[in-house]
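The block underneath contains the structure these notes are about, expressed in structure tokens.
The values are calculated or read from the model by the stated rules, or taken from the named source; none is laboratory data. Keep in mind that this is a model prediction, so the values were computed, not measured. Please note: Cβ atoms are built from the backbone with ideal geometry, for glycine as well, and neighbour counts cover all protein chains shown.
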Amino acid sequence: MAGVRRKKGARTAEAGRESSSHRRGRYGFGGVAILLCAAVSVAVAADHWANAGEVYGGVRVGEVEVGGKTPGEAREALGAHAAGLRGVRLDGPRDVSFSTEELGASYDIAATVERAYAVGRRGSVAERLSERVGAAVGGVRVAPVVDLEEKRLGERVEALAEKLDAAPREGAVVVRGARAEVVEARDGYRLDVAATAGNIERAVRRMSGEARLAGEVLRPEISTAEAREAAREARRAMSGGLTLVHGERRWTVPPAAVGASLDIAPRGGALRVSLDREAMLANLAEVRAALDVEPTEASYSLDGAGVSVIPGRAGRRVEVEELLDRISSGLFAGEREYRVPVAADEPDLTTAEAERLRPTAVLGEYKTDYTWDTDPGRRINMQRASDALNGTAVAPGETFSYNAITEPLDYEEAKVIENGRVEYAEGGGLSQVSSTLYMAANLAGLEIVEAHPHYAELPYIRPGFDTTVWFGALDLRFRNNTGGYILIEQWQGGDGYNHACIWGRPTGKEVAMRSEKVFSGEDTEGRLTTRWVVYKTVTRDGEVLYDGIFRRVTYKELAPYEPEQGGGG
């Protein structure tokens, strides 16, 4: 029985041990956590008690250490530092600084100290502890409370950019007389306004008086060394004058003139020295004046036997481009003497070509009576225009213009048709000369390019056969569609007629023209109106090339002439 009790007692003791071990397993860790929290609370409380009334150690405001200082001491330290800053000095290519007033910056020292004192004293226990540990281990930097006028800052930096920005100066060579002077290269600069403003703002917020200019140094493409090499090459080119030779004649281009003919410019990223051909050409003026001979064009004259050729003559010209090529290649190789090349200069119309294309027959002719009007001014004008036209040669394919020849002349006042009535103006009578020539050109089988009928029927020519001219507006133009030159013969005859003949090489064409009135009546203003149709028939060697209507013309009755009061007329 006793043994049994011992066993029972043993079980009881063992059970007690198991029960105690189980309780430690269930409540041991919670107890540890409670103990740790208690320890932390004690530590925090102790640390708070130890640092009561001071900024925690390791706290800095910008560049100023305020850890371990009372708020009053921190205010004093920050105030003294802020007063000593007076602005921001910028490190860069130039010594530049901005005062605090220029930047519009002001520090709130009291608020800044409150911010520093709050480190480790705000948030949860864990947050406070984290801030305190951070301050103790690595330090905590607190940004000051600052009022910064960003607009003013931007304006100040932009103004600074206007002072600092500069384009790079390229290395160059300036030629003065026969001297080549080097212009040394210089770096330029371009300020990065946004980045510089950012650097200044960060310096202000760190309570630092130092910041860096942000910008880019601009390097010139042409260095001083390259300019010096180009100057040496230019000096070699100007080391002596040039001599130009043709036969026994010699001309000299002095060194200064050679220098003025140099082109020194950057090309392909390098400074190149070459010949300025246009400038050198000016130095050849005397040579060309002595050697150039203008060719004489062959031409035609009218005499009793018809049209004869006035021989042309070949000229001579300096081969300018070839000479410039020689100078351009030889100048920098030290060559100083050059032979002047010349070549024959043939006229556009040589004697042989003029003979081949010579007009040999009258292709068309026409005449109009000028005695119907006795106005001497009109007859003088007709004479001057006829004289100017007489002997005009028109090349194959070329278009003749009546105004181009007659407009430059001076004329007397005579009757003209203007605005539907007869007026007096300079050039009266020219349309009779143009009408006479117009019909001669038609009968010669030439291509009429431009012609304009008069406002009214005229007494000197059949209706439909006339054409008027008005300088700057209306012209008579026809094209030489023959295989040779045509020659205009026009004169004011003593027989009372204005004559026009078109000479050319025979084409085999025959031209006949007639006109018919197809209407006569009054217009809405009560003026007599007539309409005419002009027919033209063209044959060549008996074959009909054209037979039909050539033009339609409408004429109106002229308003009566009303001379100005007190006028001559």
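Worth pointing out:
- So Glu489, is it in contact with a strand residue (DSSP E or B) (Cβ under 6 Å, 6 or more places away or on another chain), modelled with pLDDT under 95 and crowded, with 17+ Cβ neighbours inside 10 Å: no
- Annotation note: of Arg141, Arg122, the sole residue that is within 13 Å of Gly67 (Cβ to Cβ), of a type outside the set (Gly, Ala, Ser) and not in a helix (DSSP H, G or I) is Arg141.
- Residues in region 144-176 that are β-branched (Val, Ile, Thr) and not in a strand (DSSP E or B): Val145, Val157.
- Cβ-Cβ under 7 Å pairs, at least 6 apart or on other chains, region 397-426 side farther than 29 Å from Asn480 by Cβ, far side among the basic types (Lys, Arg): Ala414/Arg378; Lys415/Arg378; Gly420/Lys556; Val422/Lys415; Tyr424/Lys415
- So Val88, is it closer than 30 Å to Glu54 by Cβ and not acidic (Asp, Glu): no
- Contact annotation: residue pairs with Cβ atoms under 8 Å, 6 or more positions apart or on different chains, pairing a residue in region 120-136 that is surrounded by fewer than 16 Cβ atoms within 10 Å (Cβ to Cβ) with a partner that is β-branched (Val, Ile, Thr), are Val125/Val40; Val125/Val44.
- Filter result for the condition that a residue is modelled with pLDDT of 90 or more and touching a Gly at 6+ places or on another chain (Cβ under 9 Å), over Gly134, Gly67, Gly87: Gly67
- Matching residues, region 301-338, being under 17 Å from Asp348 (Cβ atoms) and touching a Pro at 6+ places or on another chain (Cβ under 7 Å): Gly312, Arg313, Ala314, Gly315
- Strands (runs of 3 or more DSSP E) wholly inside region 346-420 containing at least 3 residues that are out of contact with any Lys or Arg (no Cβ under 7 Å at 6 or more places or on another chain) and either buried (at least 18 other Cβ atoms within 10 Å of the Cβ) or modelled with pLDDT of 95 or more (or both): 361-369
- Residue pairs meeting the criteria (Cβ under 6 Å; at least 6 apart or on separate chains; first at negative phi, in region 65-77; second of a type in the set (D, E, K, R)): Thr70/Glu54
- Subset tally (residues that are β-branched (Val, Ile, Thr) and more than 25 Å from Ala298 (Cα to Cα)) for region 373-424: 5
- Qualifying residue in region 292-299 (condition: loosely packed, with under 13 Cβ neighbours inside 10 Å, of a type in the set (Gly, Ala, Ser), touching a Ser or Thr at 6+ places or on another chain (Cβ under 6 Å) and on the phi < 0 side of the Ramachandran plot): no
- Residues (at pLDDT below 95 and among the hydrophobic types (A, V, I, L, M, F, W, C)) located in region 520-543: Leu528
- Meets criteria (loosely packed, with under 15 Cβ neighbours inside 10 Å, in contact (Cβ under 8 Å) with a residue 40 or more places away in the chain and in contact with a strand residue (DSSP E or B) (Cβ under 7 Å, 6 or more places away or on another chain)) for Arg462: no
- Members of region 276-298 found to be under 38 Å from the mean Cα position of the chain (by Cα) and among the aliphatic types (A, V, I, L, M), listed by number: Ala279, Met280, Leu281, Ala282, Leu284, Ala285, Val287, Ala289
- Matching residues, region 509-542, being acidic (Asp, Glu) and over 22 Å from Met439 (Cα atoms): Glu522, Asp523, Glu525
- Pair list, Cβ < 7 Å and 6+ apart or interchain, from region 268-289 residues that are under 19 Å from Ile222 (Cβ atoms) to residues that are part of a strand (DSSP E or B) and among the acidic types (Asp, Glu): Ser274/Asp263; Asp276/Asp263
- Residue pairs whose Cβ atoms lie under 9 Å apart, separated by 6 or more positions or on different chains, with the first residue in region 149-160 and in contact (Cβ under 8 Å) with a residue 12 or more places away in the chain and the second among the β-branched types (Val, Ile, Thr) and not in a helix (DSSP H, G or I), are Leu160/Val96.
- Conditions (1) buried (at least 18 other Cβ atoms within 10 Å of the Cβ); (2) under 29 Å from the mean Cα position of the chain (by Cα); (3) more than 30 Å from Ser274 (Cα to Cα): number failed by Val173: (3)
- Residue within region 551-562 that is over 30 Å from Glu413 (Cα atoms) and modelled with pLDDT of 90 or more present: yes
- The number of residues in region 328-345 that are outside any strand (DSSP E or B) and touching a residue at least 12 places away in the same chain (Cβ under 8 Å) comes to 7.
- Residues considered: Val119, Val96. Of these, the only one that is touching a strand residue (DSSP E or B) at 6+ places or on another chain (Cβ under 7 Å), within 21 Å of Gly134 (Cβ to Cβ) and of a type outside the set (S, T, N, Q) is Val119.
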